[in-house]
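Structure, as structure tokens:
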Amino acid sequence: MSACVGSDLGRPDGPAKVSGRAVYVADLAVAGAWHGGAVRSTIAHGRVLRIERKPGFDWRRVVVVGPGDVPGDNVQELLSDDQPILAERVVRHVGEPLLLVAAPDLPTLEAALAALRPIVEPLPAELDFESATRVLHEVSIDKGDPGARFDSPPPGARLFEGTWRTDSQEQLYVEPQGCVAWPADADGTVVVRGSMQCPHYVRKALARCFGIAPERARVVQLTTGGGFGGKEEYPSVVACHAALLARAAGRPVRIVYDRHEDLLVTPKRHPSRVHHRTLVAADGTLLAMDVDVLLDGGAYTTLSPVVLSRACLHASGPYRCEHVAIRGRVVATNHVPSGAFRGFGAPQTCFAIERQMDRIARALDLHPFALRRHNALRLGDATATGQVLHDSVGSLAVLDAVAARTGIDRHRWCAPAMAVPSSNSGRVRGLGMSFFFHGAGFTGSGEELLKGRVAIRLLPDGRAEVAAGSTEIGQGTTTVFTAIAADALGCDPGDVVVAVPDTAAVPDSGPTVASRTCMVVGSVLASACRELAARIGGAAGDFRSRARAWLAAGGDGIVEHVYGSPPGLVWDQATYRGDAYPCYGWAADVAEVEVDLDTLEVDVVRLTTAVDVGKAIQPRLVEGQITGGALQAIGWAQCEVVSSRDGRVQQDRLATCIVPTTKDAPRFDVTIVEQPYAHGPFGAKGVGELPMDGGAPAVLAAIEDALGVPADRVPATPERLLALLEQRERTS
Amino acid sequence: MRVISARSLDEALAALRDATAASRVLAGGTDLMVELAAGRTSPDLVVDVGAVPELRGIRPVDDGLWLGAGTTCTELLHSAAVTAHADLLAIAAREVGAAQIQNRATIGGNLGTASPAADLVPVLFALGAQVALRSATGARVLPVEDFVTGYRATARRPDELIEGIVVPPRPARELRAFRKVGTRRAQSIAKLVVALAIAADGGVVTAARIAAGAVADRTVRLTTLERALFEGLPPGGLADAVAASVAADTAPCDDVRSTARYRSTVLARVLVRLLAALPSC
Ligand SMILES: Cc1cc2nc3c(=O)[nH]c(=O)nc-3n(C[C@H](O)[C@H](O)[C@H](O)COP(=O)(O)OP(=O)(O)OC[C@H]3O[C@@H](n4cnc5c(N)ncnc54)[C@H](O)[C@@H]3O)c2cc1C
């Protein structure tokens, strides 16, 4: 029975969102709630001398919370303990919070914030990550003996070097960060409701901040207007702030950032510089790779070690190569901390390897499509960590699909040093491609350590409720869980409800990140549902009557399952050897651009993509993930500039923080490839991040094809293209 | 902050009688509300003219086409009279913000803010428009170039209202063009914007008004280029005339949207392409 998987159930959360009835944190009616805000550093690095209170403000009207008021540890709980909840002696980035204020209304809050002036003695700020020396984390991956290969290359082999850079990117979720916190109730429980991806992360952060057991913190997700990774770790910061204020004020406190504050202080994508040395045989076979990955972590560690890990694990691309050395470092600067963003390091290294492949192809006079296909990982091959791919490898299928759709394999590329392009219309066209994979689920033994749990439980009316910590953030979790549960239970989708993620009422399924919700959490859900279905039996009658009968007979209507890694997966975190991910999604993109020769504006007119998702649980949602992710990648490739001056983000308003609009979107041509993954629900694997990886290299390759200038940095803005063309004119 | 919602022109003018330099008129609010939210202005008085009927309407007058200050971009781009007599305005209005902004943004507000990057202002320059100002004590008319006096600065007195704009009749054989280069296809403020109107008779240029935005502290006329079109191009031809004018008449800067280098280079290229397409050049 498989009625819902593969169908189109629509979006149960859609009507409320479209009609404006959905309750976001700013809409939630909370009697007596005060408004909270933060006094922040205005400089990138400095010693905090004192905080002046301007005279004339009646401080009895507000509550003020400082570092000394944190009942537990003044530490933002995450991978490292380096980030304080409130900075005490030193500030390390613009926007770092120093004091918190709550007031009965917004004008009073603003007046109070304006009356508090931090006096900070500036210290030298490190704002160039390429020269920064303080290393936050390092990763090394070694396969074979690349040193020996580079030292004595076989006859005919050629060495290629390339340096590739990507700038930061803003997630720009529609709804800014926000939450409401209540003071501890009679049994000492602190409650927070808000916009977030990972309620159980927030719970952990509150427990640390208050010095309480996790059970004494209850976190409930509200309707969340997008995340893209931006609501993975940061909501913990907002929640700790609001909860500290609620404690001090003895009443609920709401913090909702306005767009300006959100853009200035929240984490963004890690800027990167990736250096490749590649040894290639005359026929294009990759002989050895040496990759150096450098990321700008910003002021604190946040999730940087894991981002670096994923960046490095994708740095050699979806290619076979016997000898690989990958060295990664993430360094500290005085920028706003970098954090989680769709793709999580992989888009940066994917950009580098894909552009490197183009460079190699041109130098060897091989077709970039043929070079990729020749070296593509196939079933039975081993990745850079030595992971042998046993299952669900859609590499050739996606390559062949985009070739069939676009003829990219027959496209003649222009030479990099060709004469200045010209055309009567003033526009030139170009084509570019990329080939990429993305590990689904947590890295290495992450899922083993996490042990994600899901419960399915019968309600008195006979419907089945999915209880999971995974959140709906616009990507379709509710729909996907409904489809999986309905088919695994053998019931109608109307018989399934999905519980609100509330840490007091749902098990910890792990965070809603890493393309793991459908594949990992969904597989646990499917197995729990199958057990429940077996219990209540497949006798006559509709599902609800059978369920009610089972309950009436005293049957246990709750099944909770825990994730268990597929047998045979082995990972050694110390040596970075083994099975880095349970499986991979595979994809290829072809971008077609038109460049205006006067203005160097780049129009991506068509994006063709083929994506192996294992099984599309809801094809329309999968297509939405693919086109949305690809558009985000296209924006990063050419128009999304995030820059800073003296450590202050300059794109601090929607008027200047540019992302593509629907008018900027290309025509999309999406092919969904299904190479089922044995351990995913109905064969599904992750799709959320994959489409973010390949857009930038494909678009920049197409620009290079159109203009004949080397496009080695994201974003390729018209201003940068002009500088490249002028440079070429000067040197030729 | 005092807010007065005027229901007639007289009420609005009366309300503005004791306006100060800090007072503000509110039309569509698409500029003013943003400035208020960002704390960049704190007016003592706001006079809302959004419901003043006398500020609405597009109609032919003796000396051309009258556009009430409250005419929205949406009205501009749907008006048959505008399309017939001042098509550049309709073309430019379509590139302001996106539909929601176009529904509120007024021509009076575009002029009132006088942003160097405004899209409608260069068009008004190119069309040789006149700005009609009125106060409780009188009325006056200024050429639009005299109205814009500096960076977001105008000749309007605090007690005056922009009542409307007069676009002179379209001469025979006038060639017109508009080009905006933004950061994306919609909801984008100009990196540079060009509007031009050139009248020619038998291959001889008889009138030329070429204006550009976002390349100086205010909207500018490219007078050096205009002169060259009248008096004959320099030996290097059109490209040299354009280059000389960009150097003499503009002063672009680096900012969050673009670079000075890009602005001057691309302005020159856009001008050459637009002018090369004009048969008279
Ligand atoms: C998202 C967004 C996108 C935008 N995109 C563009 C764009 O692409 N191109 C562009 O040019 N602009 C753009 N703007 C700016 C703005 O929409 C325009 O300048 C618009 O024309 C302003 O008109 P308004 O009626 O909204 O002005 P308001 O904000 O009401 O007023 C603007 C100024 O003019 C004064 N004013 C208004 N009417 C009168 C009057 N009758 N007499 C005297 N003074 C008056 C006000 O006091 C105020 O100082 C954008 C704005 C936003 C928010």
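The values are calculated or read from the model by the stated rules, or taken from the named source; none is laboratory data. The shown structure was predicted, so the numbers you read here are calculated from the model rather than taken from an experiment. Methodologically, a virtual Cβ is constructed for each residue, glycine included, from the backbone with ideal geometry; neighbour enumeration extends over all protein chains shown. Only protein heavy atoms, including side chains, enter the accessible area calculation; ligands, DNA and RNA are left aside. Shrake-Rupley method; radii C 1.70, N 1.55, O 1.52, S 1.80 Å.
Can you find a residue in the range B:120-127 that is under 27 Å from B:Val256 (Cα atoms), away from chain A (no Cβ under 14 Å), within 8 Å of the ligand (Cβ to nearest atom) and not charged (D, E, K, R)?
yes
With the checklist (1) surrounded by 19 or more Cβ atoms within 10 Å (Cβ to Cβ); (2) away from every other protein chain (no Cβ under 14 Å) in hand, flag the one item A:Asp596 doesn't pass.
Exception for A:Asp596: condition (2).
Can we say A:Ala665 is within 14 Å of chain B (Cβ to nearest Cβ) and either of a type in the set (A, V, I, L, M) or in contact (Cβ under 8 Å) with a residue 24 or more places away in the chain (or both)?
Answer is yes for this residue.
Looking at the range A:29-47 only, could you name the residues that are of a type in the set (A, V, I, L, M) and in a strand (DSSP E or B)?
Scanning the range A:29-47 gives A:Ala38, A:Val39.
Considering (1) at negative phi; (2) buried (at least 20 other Cβ atoms within 10 Å of the Cβ); (3) away from chain B (no Cβ under 14 Å); (4) under 27 Å from the mean Cα position of the chain (by Cα), say which one A:Phe682 fails and leave the rest.
(1)
Spot the failing condition for A:Ala574; the list is (1) over 33 Å from the mean Cα position of the chain (by Cα); (2) of a type in the set (Gly, Ala, Ser); (3) farther than 25 Å from A:Ser7 by Cα, and only one is missed.
Here A:Ala574 meets the rest and fails (1).
Sort out which residues of the range A:68-80 are open to solvent by 30 Å² or more (accessible area, probe 1.4 Å) and either of a type outside the set (Asp, Glu) or farther than 24 Å from A:Gly339 by Cβ (or both), and write them in order of number.
Once the filter is applied, which keeps residues that are open to solvent by 30 Å² or more (accessible area, probe 1.4 Å) and either of a type outside the set (Asp, Glu) or farther than 24 Å from A:Gly339 by Cβ (or both), the range A:68-80 yields A:Gly68, A:Asp69, A:Pro71, A:Asn74, A:Leu78, A:Leu79, A:Ser80.
Do the conditions hold for A:Ser527, that is, is it of a type in the set (S, T, N, Q) and either modelled with pLDDT under 95 or within 22 Å of the chain's Cα centre (by Cα) (or both)?
In short, no.
Report whether or not B:Ile189 is within 30 Å of A:Asp603 (Cα to Cα) and aliphatic (A, V, I, L, M).
So B:Ile189 passes the test.
Within the range A:607-635, which residues are assigned to a loop (DSSP other than H, G, I, E, B) and either without any contact (Cβ under 8 Å) to a residue 40 or more places away in the chain or of a type in the set (Val, Ile, Thr) (or both)?
Those that are assigned to a loop (DSSP other than H, G, I, E, B) and either without any contact (Cβ under 8 Å) to a residue 40 or more places away in the chain or of a type in the set (Val, Ile, Thr) (or both): A:Val613, A:Ile617.
Only residues that are outside any helix (DSSP H, G or I), more than 14 Å from chain A (Cβ to nearest Cβ), more than 30 Å from B:Ala172 (Cα to Cα) and more than 10 Å from the ligand (Cβ to nearest atom): list them for the range B:34-78, please.
B:Asp44, B:Leu45, B:Ala51
Given the structure, is A:Val659 within 16 Å of the ligand (Cβ to nearest atom) and either surrounded by fewer than 22 Cβ atoms within 10 Å (Cβ to Cβ) or more than 14 Å from every other protein chain (Cβ to nearest Cβ) (or both)?
Taking the combined requirement at face value, the residue satisfies it.
Being part of a strand (DSSP E or B), farther than 14 Å from A:Ser41 by Cβ and at pLDDT 95 or above narrows it down to one residue among A:Asp142, A:Asp73; which is it?
Being part of a strand (DSSP E or B), farther than 14 Å from A:Ser41 by Cβ and at pLDDT 95 or above holds for just one of A:Asp142, A:Asp73, which is A:Asp142.
Is there a residue being under 26 Å from the mean Cα position of the chain (by Cα), surrounded by fewer than 24 Cβ atoms within 10 Å (Cβ to Cβ) and in a loop (DSSP other than H, G, I, E, B) anywhere in the range A:446-457?
Among the residues of the range A:446-457, at least one is under 26 Å from the mean Cα position of the chain (by Cα), surrounded by fewer than 24 Cβ atoms within 10 Å (Cβ to Cβ) and in a loop (DSSP other than H, G, I, E, B), which makes the answer yes.
Might you let me know whether the range A:636-656 holds any residue that is within 14 Å of another protein chain (Cβ to nearest Cβ), open to solvent by less than 10 Å² (accessible area, probe 1.4 Å) and assigned to a helix (DSSP H, G or I)?
Yes, the range A:636-656 has at least one match.
Just give me the residues in the range A:347-383 being more than 17 Å from A:Leu396 (Cα to Cα) and surrounded by 24 or more Cβ atoms within 10 Å (Cβ to Cβ), in sequence order. Even if it seems obvious, please write down each step before you answer.
The initial filter retains those residues of the range A:347-383 that are more than 17 Å from A:Leu396 (Cα to Cα), namely A:347-353, A:355-356, A:358-366.
Those that are more than 17 Å from A:Leu396 (Cα to Cα) and surrounded by 24 or more Cβ atoms within 10 Å (Cβ to Cβ): A:Pro347, A:Gln348, A:Thr349, A:Cys350, A:Phe351, A:Ala352, A:Ile353, A:Arg355, A:Gln356, A:Asp358.
Having 2 or more residues that are within 14 Å of another protein chain (Cβ to nearest Cβ) is the bar; report the strands (runs of 3 or more DSSP E) wholly within the range B:145-261 that clear it.
Result: B:174-181, B:192-201.
Tell me yes or no: at least one residue of the range B:94-113 is of a type in the set (Gly, Ala, Ser), in contact (Cβ under 8 Å) with a residue 24 or more places away in the chain, more than 8 Å from the ligand (Cβ to nearest atom) and crowded, with 16+ Cβ neighbours inside 10 Å.
Looking only at the range B:94-113, we keep the residues that are of a type in the set (Gly, Ala, Ser), and these are B:97-99, B:105, B:108-109, B:112.
Next, only the ones that are in contact (Cβ under 8 Å) with a residue 24 or more places away in the chain stay: B:97-99, B:105, B:108-109, B:112.
Of the ones still in play, those that are also more than 8 Å from the ligand (Cβ to nearest atom) are B:99.
Retained after the next criterion (residues that are crowded, with 16+ Cβ neighbours inside 10 Å): none.
No, every residue in the range B:94-113 fails to be of a type in the set (Gly, Ala, Ser), in contact (Cβ under 8 Å) with a residue 24 or more places away in the chain, more than 8 Å from the ligand (Cβ to nearest atom) and crowded, with 16+ Cβ neighbours inside 10 Å.
Within the range A:404-426, which residues are at pLDDT 95 or above and not in a helix (DSSP H, G or I)?
Within the range A:404-426, just A:Gly407 meets the criteria.
Looking at the range B:23-33, which of the residues that are in contact (Cβ under 8 Å) with a residue 60 or more places away in the chain and open to solvent by less than 50 Å² (accessible area, probe 1.4 Å) is farthest from the ligand (Cβ to nearest atom)?
The residue in question is B:Ser23.
Can you name every residue in the range A:149-186 that is of a type in the set (D, E, K, R) and either under 22 Å from A:Pro715 (Cα atoms) or in contact (Cβ under 8 Å) with a residue 24 or more places away in the chain (or both)?
Within the range A:149-186, A:Arg149, A:Arg158, A:Glu161, A:Arg165, A:Asp167, A:Glu170, A:Glu175 meet the criteria.
Would you mind telling me which numbered condition in (1) surrounded by 18 or more Cβ atoms within 10 Å (Cβ to Cβ); (2) within 14 Å of another protein chain (Cβ to nearest Cβ) A:Phe436 fails?
(2)
I want to confirm something. Restricting to the range B:150-189 and keeping residues that are surrounded by fewer than 19 Cβ atoms within 10 Å (Cβ to Cβ) and within 14 Å of the chain's Cα centre (by Cα), which single residue is nearest to the ligand (Cβ to nearest atom)?
The selected residue is B:Arg152.
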